[in-house]
Amino acid sequence: MRYAIWNDFLSVDVEAVERPRDEAEVCALVARARRQGKHLRPVGAGHSFNDLSLCEDLLVDLSELDKILSVDPETLRVRVQAGIPLKALVVALEQLGLALANVGAWLEQTIAGVLSTATHGTTGRYQNTLIDSLRSLRLVDGTGEPRVLEGDALKQLTLGYFGVITEVTLVCVPLFRVRQRKRVIDGAEAIAGMDALRGEHDFVDLRWTGTLPQMIVGGWDITEEPATRLDRLARGVEGVRIGALNRLLTVVRAGAIPKGLRRRFFSALGRAYIRSGRGFAHEAVWYEGLTFNSFGVAAPHEEREFAVPRERAADCLLAARARMMADREASSLEIQVRFSPAVDVALAPNAGRETVWFNINVLDPRGNPALVDALSSVALEHGARPHWAKVIPADTPSMVELYGESMLVWEAARRRFDPDGLFLNDFYHRHIALTQRSLPEWAERE
Ligand SMILES: Cc1cc2nc3c(=O)[nH]c(=O)nc-3n(C[C@H](O)[C@H](O)[C@H](O)COP(=O)(O)OP(=O)(O)OC[C@H]3O[C@@H](n4cnc5c(N)ncnc54)[C@H](O)[C@@H]3O)c2cc1C
């Protein structure tokens, strides 16, 4: 049976994809795989850019577990099944006057999927993150037993290696709306002013493309005002414009255009994107305002993303921008920069340090692999940790180097949850691979 992740980016031939209808069925699947000596991986919406979620034996797809189980209006806690897609959850919460603490750029993913990889959106004056809003997890461990994780037990990113999550409890925030204002300014000025921008707006991001000197600075502020007809019109115009650019990219498969023409095509598209980047200021409900507004049309692309420590971020972005401006092959790259506070979750790329996310959207993967590698190296040289669910470059230092002692504590916890290594896969062996190593006693104790 073939299972493919987002946009057919990767696929595997797998023995079976099971869709359990309740936790008891999950327990039975894990117990069966364990008896048969098979591997098993939990999958969400498959919205990743690598094989983190994959194995060739058994995939457990949680799409049948997609209900909201309870909402407590006093504590704002919501308990949901693991496979609920964000796009369904945010709409249901809106009806209840609630919002998730934060969200990434898309809403296709499942709640368990985004919490497993510390998926992030952006921040500014507003500092809440989704991973910090997690209050408890229910999962079936590698022995087939259900467990509840709360408090300190949630301080490890699970990455699908601790068990199959069946339920999560999150604390929400009251529903809010945002007013979006975009500007197109000189890139060096935007980078130099990043800290000030984060103090000016509740949410901030920067975007640039190719060799163009300007950037789009997006700022979103929480507002009480209801949206007007003009706001809806402005949002519609923006969605149609970005959706059309993405549809054009989808239709004109990059590989089908000769090289010289391809560069010109992407340069023209990039110029149109930046020139019209200011758009019209408008207001929207939080999840519409803060996600990629293209009416669901996404061009096929690859992503690499790096969590750069805030203190080194300006140097990193200036170096990356200079590298791009000197290379015409940069025309098919779009960069997005976002911001997160430090979190206390081992193996989250922004664990323990304020982070500036440097995301490379690669629209023509065959066009400029050397440049994409060079930009990745710039990020890694500035102390970055890669996003777990995006393309991880070959020259990434070992995860022990990147995460230090917390990697060993994470591994000790993983072994307690999955003593037989039922959830291990190629990704683990390639990027983590501590299985053969005995761990220090202090790591076992923590
Ligand atoms: C177009 C696109 C845009 C994206 N935008 C952003 C963004 O803005 N910010 C950002 O940070 N990331 C972003 N991502 C990455 C994405 O959010 C993560 O890869 C996320 O983990 C995907 O969730 P999913 O439900 O699709 O899970 P999958 O991709 O299916 O799985 C991801 C991981 O979660 C584990 N998992 C899934 N379900 C369970 C479960 N029930 N129990 C235990 N483990 C489970 C899997 O084993 C795997 O390790 C984007 C990805 C795409 C394709």
The condition of being in contact with a Phe, Trp or Tyr (Cβ under 9 Å, 6 or more places away or on another chain) and either modelled with pLDDT of 95 or more or at negative phi (or both) holds, among V345, V297, V285, only for V285
Per the filter on region 67-97, residues in contact with a helix residue (DSSP H, G or I) (Cβ under 9 Å, 6 or more places away or on another chain) and assigned to a strand (DSSP E or B) are I68, V71, V78, V80, Q81, P85
By residue number, the members of region 379-388 that are part of a loop (DSSP other than H, G, I, E, B) and out of contact with any helix residue (DSSP H, G or I) (no Cβ under 6 Å at 6 or more places or on another chain) are A384, H387
Condition set away from the ligand (no atom under 16 Å from the Cβ) and part of a strand (DSSP E or B), scope region 163-177, selection farthest from L206 (Cα to Cα): answer is V171
Filter region 3-30 for residues that are under 30 Å from I68 (Cα atoms) and of a type in the set (D, E, K, R); the one that is farthest from the chain's Cα centre (by Cα) is E25
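A quick yes/no check of all residues on (1) among the polar types (S, T, N, Q); (2) closer than 19 Å to S377 by Cα:
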{"residue": "R271", "(1), (2)": "no, no"}
{"residue": "A281", "(1), (2)": "no, no"}
{"residue": "V297", "(1), (2)": "no, no"}
{"residue": "P309", "(1), (2)": "no, yes"}
{"residue": "R323", "(1), (2)": "no, yes"}
{"residue": "L333", "(1), (2)": "no, yes"}
{"residue": "S340", "(1), (2)": "yes, no"}
- [ ] For region 368-378, indicate whether the set of residues that are within 14 Å of V308 (Cα to Cα) and out of contact with any helix residue (DSSP H, G or I) (no Cβ under 9 Å at 6 or more places or on another chain) is non-empty.
- [x] yes
Looking across region 136-162 at residues that are within 10 Å of the ligand (Cβ to nearest atom) and in a loop (DSSP other than H, G, I, E, B), the single one that is farthest from the chain's Cα centre (by Cα) is F162
Of V391, V337, V356, the only residue that is in a loop (DSSP other than H, G, I, E, B) and within 15 Å of the ligand (Cβ to nearest atom) is V391
Of (1) away from the ligand (no atom under 12 Å from the Cβ); (2) farther than 30 Å from G144 by Cα; (3) outside the structural domain of A256 (by TED's automatic domain parsing), L375 fails just (3)
P397: passes all of (1) more than 20 Å from S48 (Cα to Cα); (2) touching a Phe, Trp or Tyr at 6+ places or on another chain (Cβ under 8 Å) but (2)
* Can E224 be described as modelled with pLDDT under 95, of a type in the set (D, E) and outside the structural domain of F427 (by TED's automatic domain parsing)? -> yes
From the option list G199, G160, single residue qualifying as in the same structural domain as S276 (by TED's automatic domain parsing) and of a type in the set (G, A, S) is G199
Within region 399-425, residues over 23 Å from T143 (Cα atoms) and either in contact (Cβ under 8 Å) with a residue 24 or more places away in the chain or in a loop (DSSP other than H, G, I, E, B) (or both) come out as M399, V400, Y403, G404, E405, S406
Q. Does E411 fit the bill of being more than 15 Å from the ligand (Cβ to nearest atom) and loosely packed, with under 14 Cβ neighbours inside 10 Å?
A. no
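Looking at the structure I just gave you, is F266 more than 24 Å from the chain's Cα centre (by Cα) and at pLDDT below 95?
Yes, satisfied.
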Selection over region 369-401 where residues are surrounded by 19 or more Cβ atoms within 10 Å (Cβ to Cβ), farther than 22 Å from A330 by Cα and among the aliphatic types (A, V, I, L, M) yields a count of 2
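Using the structure shown, decide if A190 is free of Cβ contacts under 8 Å to residues at least 40 places away in the same chain and either of a type in the set (D, E) or not assigned by TED's automatic domain parsing to the domain that holds A284 (or both).
Judged against the criteria, A190 is not a match.
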Across region 357-395, the tally of residues that are over 19 Å from A322 (Cβ atoms) and more than 19 Å from the chain's Cα centre (by Cα) stands at 7
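The values are calculated or read from the model by the stated rules, or taken from the named source; none is laboratory data. All of these numbers come straight from a predicted model, not from anything done at the bench. With ideal geometry, Cβ positions are generated from the backbone for all residues, glycine too; neighbour counts draw on all protein chains shown.
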